[in-house]
Amino acid sequence: MKDNGEPVDETVETLLREVILIERRNANELRNVQQERRDEIREVIEKLTKAKP
């Protein structure tokens, strides 16, 4: 990997790769949590709709 044409230290490259992997995992976890919340909201809306007199 190069940064502005200069070689990047191998340790820095390894750390950058780790950061990218962590960020991807965080993004996936966030999407999962958001989907769970949407599902919960959908369930509540369905219950409220069924409870209507």
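Quick one: accessible area per residue over the chain, 1.4 Å probe, rounded to a whole number of Å²?
I get 98 Å² per residue for this part.
Would you calculate a helix-derived [θ] at 222 nm for the chain, using -39,500 (n - 2.57) for each DSSP H run of n ≥ 4 and dividing by the full residue count, to the nearest 500? Display every interim value, and only then the final one.
Numbers: 1 runs with 42 residues, N = 53.
The helix contribution divided over the chain gives -29500 deg cm²/dmol.
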>> I'm checking a number: the convex hull volume of the Cα atoms of the chain, normalised per residue, in Å³. What is it?
In response: 59
> In what order, largest first, do Thr14, Thr49 sit by accessible area if the probe radius is 1.4 Å?
Replying inline: Thr49, Thr14
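What is the percent carbon and sulfur in the accessible area of the chain, measuring with a 1.4 Å probe over the protein chains and ignoring ligands? Can you show the working numbers first?
Details: 2840 of 5220 Å².
The value for the chain is 54 percent carbon and sulfur by accessible area.
The values are calculated or read from the model by the stated rules, or taken from the named source; none is laboratory data. Just so you know, these numbers come straight off a predicted model, no measurement behind them. For the accessible areas, the whole protein counts, side chains as well, though only heavy atoms, and no ligand, DNA or RNA atoms are used. Shrake-Rupley method; radii C 1.70, N 1.55, O 1.52, S 1.80 Å.
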